[in-house]
Amino acid sequence: MSAPRILLVDDQRSDSRSYRSRLELSGRAYTVIDVPSGEEALLELNRSSIDLVITGLRLPGISGLELLEKVRQLSPKARALVITAHPSKEARARAEELGVVAFLEKPLETSPFLEAVERALELSGEAGAPVQVLEEEKPRMAERLIQLRRELGADATYLLDDQGRIVVRAGDLTDLDLEAAVHSLMSAFSAGLKVSSLLGSLLPANFQYFDGDSHDIYLTNIGAFYALLIAYRGRQAAGQMGSVVHYGSRAANDLLAALSSMGVVEQEVLEESNEPGEENSAVVVDEQTQIAFEVDAADLEAAAEQLEHEEVDSYWEDAAQSTPRGGEGDALTFEQARKLGLLGDEFDS
């Protein structure tokens, strides 16, 4: 079964990154696409199948509700969620008429958000793939571990993957055989995830403390695939559990955000793109494609500002119908739109 395709529609990049982070590190296999406007969402819907649309109400151009009306026509099987900081009875009522699964208010809490996504997609519980840590990102993550070590006076801090391998670290415990303890630590890690799930936490979060004669260890998860380990010699940590939880949780959230920005490995893409014998590497957003996409979107926006409201609406409908499914590229360029006759005579050179 292929991963559910989720389309995020929000012109606030910080919000889009936050939603993407929660989805990609929830332990589910999602393919997440984000666009800043309803018009671009319509182009994406016409280009490929979408299982779930997550949109705000206030968007540049057409509103979130206007977008959902068109989604209902273009892709009747797609489900929808609305997230807004400005709820109203009228908007809520209209959203319900359009079959929206959930109407969520900001500030958005993680568990209700992920629960609504799962309910909309009617998921059966299949787990996702871990985010791969890129080599160029390791120094930045190591700096965060160094900062945490200094804040807590710890002897060492480690970022481990779900197999117990050290990804990055700050400091070292040469007198502790960490490899011998890893199997038991990862069993505790897995048990913690199960407890979080039983308690209803869709984005798992737990802190575990191991008190020893020679060493004290704290372990907390970062999403479903990574763990933060904080180690002390002797009983140095016995009296500062509150500080460890406070600063450790902040560091875990920072590392979670850093991991989510790297993208989730999509195995099908990797199998198609890698030659035999090549190692799989993480799939990341192509920055040049993103820049071109933003430039093209800016061209289209400048053109749209010169059209009347009715012409803008008609323009985007024509653009969506003229964009072939499965086509390459993320947007029409201004020149392409002009050649297709979508901009009107006043834009002809």
query = Taking interchain pairs and intrachain pairs at least six residues apart, which have beta carbon atoms under 6 angstrom, with the first residue in the stretch 189-211 and open to solvent by less than 50 Å² (accessible area, probe 1.4 Å) and the second at pLDDT below 80 and part of a helix (DSSP H, G or I)?
reply = P204/S196; N206/S196
inquiry  = Please return the ranges of strands (runs of 3 or more DSSP E) entirely within the stretch 1-80 where 2 or more residues are open to solvent by 10 Å² or more (accessible area, probe 1.4 Å).
reply    = 31-35
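Please verify whether the stretch 257-264 includes one or more residues that are open to solvent by less than 70 Å² (accessible area, probe 1.4 Å), modelled with pLDDT under 60, part of a loop (DSSP other than H, G, I, E, B) and within 21 Å of V168 (Cβ to Cβ).
Taking every residue of the stretch 257-264 in turn, at least one turns out to be open to solvent by less than 70 Å² (accessible area, probe 1.4 Å), modelled with pLDDT under 60, part of a loop (DSSP other than H, G, I, E, B) and within 21 Å of V168 (Cβ to Cβ).
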query = Among the residues of the stretch 90-114 satisfying the criterion of being outside any helix (DSSP H, G or I) and open to solvent by less than 40 Å² (accessible area, probe 1.4 Å), which is farthest from A78 (Cα to Cα)?
reply = L108
note = Only one of (1) open to solvent by less than 60 Å² (accessible area, probe 1.4 Å); (2) modelled with pLDDT under 85; (3) within 30 Å of S2 (Cβ to Cβ) does not apply to E275, and that is (1)
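The values are calculated or read from the model by the stated rules, or taken from the named source; none is laboratory data. Because the structure is a prediction, the values reported are computed rather than measured. For neighbour counting, all protein chains shown are included, and Cβ atoms are generated from backbone atoms with ideal geometry for every residue, glycine included. Accessible surface areas use protein heavy atoms only, side chains included; no ligands, DNA or RNA. Shrake-Rupley method; radii C 1.70, N 1.55, O 1.52, S 1.80 Å.
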